[in-house]
Each structure stands twice: as C-alpha cells, then as structure tokens.
Amino acid sequence: MAPELGTLLRNERSTVLQRWQSRVAELTRALNISRIELLDHMPTFVDGLIALCERPSAGIAAPAETSAPMHGAQRLNVGFDIDEVIREYGILADVLLQVIDEADLAISVADHRRLVTAVNIGAAEAVREYSRRRDEELEREQGRHRAFIAHELRNPLAAAVAASNLLAQQNPTLSGARPMQLLDRSLGRVRQLVDQMLVAGRLDAGIEPERATLDLAALVREICDGLDQEAEARGVTLVLALPSALHVDADSRLMHSATANLLRNAVKYTANGSTVRVTLRESTDTVTLEVADGCGGITDANWASIFEPYARGESVATRQRDGLGLGLAIAKQATEAHGGTLAVRNVANEGCVFEMRLPRTT
C-alpha cells in the first residue's frame, strides 16, 4: 500500500477509534457496557491495519497478529449478536474511508480494495470465533439438559421397575406371560436410554475419568452374557476370543458404557443368523478390542459420520431398529477420554469392524 496512507491513519488513530466507538455505542447490545468493554481489542486491530498500510508491498491479507478472534469471543461474552459484530467492522471500514476522504488523500483503487478486504477478513475471523464458542456453549447446554432429564427420569423409572417386580411376585403366573415380558423389555430399554443420556451428559461436561485397575476381559464377558438372550432370539452367534484377564487403567462406568454400546450395537444391527466376533488382545503399549458384525456393511454416503450424536446410517438393519443414535458417539467420547481411539472399517456387503484402542496399563 502507499506509505502515506499508513502515515495518515497513524496520525488519525484517535479520531478513527473515537468515531468508531461513538457509532458502535448506538448498537442495541452496546448500550449498557463500559467504554473499556466497548473498545475491547479493536485498538490493537486498528494498529495492525495501520502497520499493514505502512508496508509498501502488502497484499490482500489480515493484519499481522490480528486480535479479531479475541474480539469475537469477547462480543459473545458481553451479549452482542452476530449481526452486530459484523456491523462493527462495517462501521470501522466506513470511518477509515471517511478519514481518508476528509484528508483529501488520493489512494489507488487497489489500495482501497486492500484496506476494505483486510477489515472484512478481520470481521470473518471475529465471526468464526464467535460462532465456534457459541456452538461449544450450546453443546454444553444441551449436555446439561440431557443429564437433567435423565436424572428426572430415574425416579419414576425405578418406581415402575419396582412395581413390575412386585406384580410378578404377587402373581407368579404373570411372570412368563407375554405382556409382562414386553413390559420388562420396555423398562430395560428405557433404563438403557437413561443411562446413555447420563453418560453423555458427563462426557459433554468434560468430567475427568475416575481411573482404577479394570479387568477388561471380565467386563466384555459380563456384557456378552447379558446379550446372549437377544442374540439367541435372532439366531446371532457371539464368538469370543478373549484372554483370561487383561487389565487397563480406566473409569469402570465409562468403560462399561463404551464397551456395552459397541457390543449392543453389533448384536442389534447384525443380520439375523449371522455372527458377531469379539476379539481382545494386547501389545507392548496398547490394548485392542475388536468387534466385527454382520450388518452387511454401511453403504450410505454419510457413513463417516457414524460417531456423531444422533447420527444413524441408512442401512436396512438400521432403519428396522430403534434408538437415539447416541451409542457410538458415547463409545467414542468415552474411549477418547481415556486417551484411546475408536475407529471403524467398512467391509462392503459383509459388515463393520469396530476397533477400540486403549493405552495399556504399565
């Protein structure tokens, strides 16, 4: 840019900031904040613009060491909406061009474009950070809301389970009747959903795992034993390849949820009459749990989002099963909370292979 443009803006820095502040103060969300809060990181951003203008060879770019992202984050904290953040930078561009016009300084079309573009890039960076932090807060709030609902559901659920058990004890002939079996299965499913929501809320809140020595092999056997009845009803064979014991340093509740969701999903979505293979092995520094199902493979274009909350594939097996789509998201979050990884391989026309890797206990 022309060096005289940088010189002018440096001399008129106070004027630029005063005019900008005066106009921004008229925005709705700016009415009740202090002068310091209003200025925030904008003086630093203006200094960056001035330095950019003083470099003769400067191209179209944002000011070096821009503070625009921090400005965007601060605007979220003080309650500005995103449109007002954008308007702030539009006001800044107007003020800069006004000061240049009043000084009767002729600048080239190229320099005019570079200056406005630099302001627009700053606006984009501020909006991007504003949006990122807003989305994070929304996710945390949703997690807290899910956890609250789950906690509220636990008491009536416990009462319903107790009433069902009492009814079966008082009327033994009912225990094997189809309505009672349906009630038990339904209550069990509700319990699973409540537990999923509680774990999801804990993970969303970023609570650190309460680690202790855990026998992962015993945990996998226990979970598979609980799935035997469902698997048998659909002709699904569970084939286990587990060591007698394999210990990891883990939070037992989170690891139980992660492992149970993987195994339950495998049994739920695998084709009737097929096989689910569960393998647990260790290397020098890694423990690997591998779950291979017979779901036929995920063929829809969005299969890579399988670990996203509420995401469900478009396979026939998926459409025929109920659920919130939280299981795999919880499994991945819980695994990563332990410093591990969870990945999936899609075997076309056969099934999926989920691989959980955890740091080995030293």
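Brief remarks on what is shown
- Candidates L198, L183, L138, filtered to the one that is within 22 Å of A334 (Cα to Cα) and at pLDDT 70 or above: L138
- Checked against (1) over 30 Å from Q142 (Cα atoms); (2) modelled with pLDDT under 80; (3) surrounded by fewer than 13 Cβ atoms within 10 Å (Cβ to Cβ), T299 meets all criteria but (3).
The rows are residues; the columns are (1) under 30 Å from D135 (Cβ atoms); (2) modelled with pLDDT of 90 or more; (3) outside any loop (DSSP other than H, G, I, E, B).
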| site | (1), (2), (3) |
| --- | --- |
| S22 | no, yes, yes |
| V46 | yes, yes, yes |
| A51 | no, no, yes |
| G59 | no, no, no |
| P63 | yes, no, no |
| G72 | yes, yes, yes |
| V85 | yes, yes, yes |
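- Some residue of the range 124-132 being within 26 Å of E4 (Cα to Cα), in contact (Cβ under 8 Å) with a residue 24 or more places away in the chain and of a type in the set (A, V, I, L, M, F, W, C): no
- Qualifying residue in the range 229-252 (condition: buried (at least 18 other Cβ atoms within 10 Å of the Cβ), hydroxyl-bearing (S, T, Y) and under 24 Å from F307 (Cα atoms)): no
- Verdict on A177 being at pLDDT 75 or above, over 24 Å from L328 (Cα atoms) and either surrounded by 12 or more Cβ atoms within 10 Å (Cβ to Cβ) or in contact with a Phe, Trp or Tyr (Cβ under 6 Å, 6 or more places away or on another chain) (or both): yes
- Among the residues of the range 151-174, those identified as farther than 30 Å from T335 by Cβ and either at pLDDT below 70 or not aliphatic (A, V, I, L, M) (or both) are N155, P156, S164, N165, Q169, Q170, N171, P172, T173.
- Scanning the range 87-115 for residues that are acidic (D, E) and open to solvent by less than 40 Å² (accessible area, probe 1.4 Å), we see that the one that is modelled with the lowest pLDDT is D111.
- Scanning the range 305-345 for residues being at pLDDT 85 or above and in contact with a Cys (Cβ under 6 Å, 6 or more places away or on another chain) gives a total of 1.
- Listed conditions (1) in contact with a Gly (Cβ under 7 Å, 6 or more places away or on another chain); (2) under 23 Å from V353 (Cα atoms); (3) at pLDDT below 90 are all met by D204, apart from (2).
The values are calculated or read from the model by the stated rules, or taken from the named source; none is laboratory data. All values reported here derive from a predicted model rather than from experimental measurement. Virtual Cβ from ideal backbone geometry, glycine too; neighbours counted across all protein chains shown. What goes into the accessible areas is simple: the full protein's heavy atoms, side chains included, and nothing from ligands, DNA or RNA. Shrake-Rupley method; radii C 1.70, N 1.55, O 1.52, S 1.80 Å.
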